[in-house]
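Take a look at the structure set out below.
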Amino acid sequence: MAAEMLPGVSRFQLLSDDQWALIEDLLPVRTGKQGRPFSDARSMVEGIIYRYRCGIAWRDVPGVFGPWQTIWTWHRRMAGDGTWDTVLQRLLAEADAAGLVDWSVSVDSTIARAHQHATTITRPTGGWVELHGSADRAA
């Protein structure tokens, strides 16, 4: 059931409690290092999800998720260290076990063609280049 259809759920709460319970232990925790600690791991993840779902720029992520710079940093770090891959594997395994994944594959054979002169490759022309204008008008 979509978050919009659940009573009492904000439009900014994108993960159900069951989904969050599946991935919560995979995410970073507070370390005790100096600096400003993040407020909530769930809001960071939901901010990342919101950004991709809406197709917006990082700067346009609503403030309810926290500062966009923090959300972007979380995403960059988790993509770099493989955390997102682990999260995806766990969610896919759970969805597959519940029978929610259809492993059918659709292949599209659409191709895109470009004119031969649309590239920037230098080609030998076989000699000097002639002017295409008329010799009579050139004088």
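Val61 falls short on exactly one of the conditions (1) under 18 Å from the mean Cα position of the chain (by Cα); (2) modelled with pLDDT under 85; (3) among the β-branched types (Val, Ile, Thr), and that condition is (2).
For region 61-111, enumerate the residues that are over 15 Å from Glu46 (Cβ atoms), open to solvent by less than 100 Å² (accessible area, probe 1.4 Å) and of a type in the set (A, V, I, L, M, F, W, C). Write out each step before concluding.
Keep residues of region 61-111 that are over 15 Å from Glu46 (Cβ atoms), which gives 69, 73, 76-77, 79-83, 85-86, 88-90, 92-111.
Among the residues that remain, those that are also open to solvent by less than 100 Å² (accessible area, probe 1.4 Å) are: 69, 73, 79-80, 82-83, 85-86, 88, 90, 92-99, 101, 104.
Scanning region 61-111 gives Ala79, Leu88, Leu92, Ala93, Ala95, Ala97, Ala98, Val101.
The values are calculated or read from the model by the stated rules, or taken from the named source; none is laboratory data. All figures in this text were calculated on a predicted structure; none of them were measured in a lab. Cβ sites come from the backbone with ideal geometry, for glycine too, and all protein chains shown count toward neighbours. Please note that ligands, DNA and RNA were not included when accessible areas were found on the heavy atoms of the full protein model with its side chains. Shrake-Rupley method; radii C 1.70, N 1.55, O 1.52, S 1.80 Å.
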